[in-house]
Amino acid sequence: MTMAMTGMLPMVGMLIGMDNAAVGLAVHLVNSAVIGALFALLTTRPTSQIGPLLGTGLGYGFAWWVLGALLIMPLWLSVTAEPAMRDMIFQVGPAQWWSLAGHLLYDLLTADVLYGLSRRATS
């Protein structure tokens with residue numbers, strides 16, 4: 001939602017060479033599913049407390065924000081779409097702060113869902 005509000009979805013589509021918001025949404029949803037599944041694989045130990053899992057989710061979301069939004073995306077786009085994107089590597093402006101908020105929210109929700117599923121599986 002934050003990417004749609006800030007007009008970033010067409011840029012995400014450019015990761016596969018298509019300057020289109022719908023394509024950008026599809027690319028982002030696939031990436032989100034893979035990253036969420038990786039989180040679940042990395043946190044396979046069931047926990048009886050949600051706090052540590054939420055903290056891990058926040059750390060994971062922050063790490064993916066740094067890796068994805070601040071490094072991989074501008075670097076990839078500098079090769080595939082716009083060489084000037086290289087200047088955006090590790091640059092933080094208003095769009096990147098919205099991106100951080102989205103990453104943290106997504107991984108808090110992912111951790112919460114994982115907690116609920118693990119509790120259901122152990123009961």
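Within the range 91-109, is even one residue surrounded by 13 or more Cβ atoms within 10 Å (Cβ to Cβ), of a type in the set (S, T, N, Q) and closer than 16 Å to L9 by Cα?
The answer is yes, given that some residue of the range 91-109 is surrounded by 13 or more Cβ atoms within 10 Å (Cβ to Cβ), of a type in the set (S, T, N, Q) and closer than 16 Å to L9 by Cα.
Looking only at the range 17-35, which residues are within 15 Å of L67 (Cα to Cα) and small (G, A, S)?
The one that is within 15 Å of L67 (Cα to Cα) and small (G, A, S): S32.
Does the range 110-123 hold any residues that are under 20 Å from Y60 (Cα atoms) and open to solvent by 90 Å² or more (accessible area, probe 1.4 Å), and which are they?
Of the range 110-123, the ones under 20 Å from Y60 (Cα atoms) are 110-118.
Answer for the range 110-123, where residues must be under 20 Å from Y60 (Cα atoms) and open to solvent by 90 Å² or more (accessible area, probe 1.4 Å): just L117.
Out of contact with any Cys (no Cβ under 7 Å at 6 or more places or on another chain) and modelled with pLDDT under 90, is that true of T110? Explain how you work it out, then say what you get.
Working: out of contact with any Cys (no Cβ under 7 Å at 6 or more places or on another chain): yes; modelled with pLDDT under 90: no.
No; evaluated as a whole, the condition is false for this residue.
Pairs, please: C-beta under 8 Å, at least 6 apart or cross-chain, first residue outside any helix (DSSP H, G or I) and in the range 79-101, second small (G, A, S) and open to solvent by 40 Å² or more (accessible area, probe 1.4 Å)?
A81/G17
Taking only the range 76-90 into account, find how many residues are among the β-branched types (V, I, T) and either at pLDDT 90 or above or surrounded by 20 or more Cβ atoms within 10 Å (Cβ to Cβ) (or both). It would help to see each step written out before you state the result.
Step one: filter the range 76-90 for residues among the β-branched types (V, I, T), giving 79-80, 89.
Next, only the ones that are either at pLDDT 90 or above or surrounded by 20 or more Cβ atoms within 10 Å (Cβ to Cβ) (or both) stay: 89.
Of the residues in that region, 1 qualify.
Find all pairs meeting these conditions: Cβ atoms under 6 angstrom apart; at least six residues apart or on different chains; first residue within the range 104-123 and in contact (Cβ under 8 Å) with a residue 40 or more places away in the chain and within 19 Å of L29 (Cα to Cα); second residue among the aromatic types (F, W, Y) and open to solvent by less than 80 Å² (accessible area, probe 1.4 Å).
If the second residue must be among the aromatic types (F, W, Y) and open to solvent by less than 80 Å² (accessible area, probe 1.4 Å), the pairs left are D107/Y60; T110/F39.
The values are calculated or read from the model by the stated rules, or taken from the named source; none is laboratory data. Keep in mind that this is a model prediction, so the values were computed, not measured. Cβ atoms come from the backbone with ideal geometry, glycine included; neighbour counts cover every protein chain shown. SASA here: full protein model, heavy atoms, side chains in, ligands and nucleic acids out. Shrake-Rupley method; radii C 1.70, N 1.55, O 1.52, S 1.80 Å.
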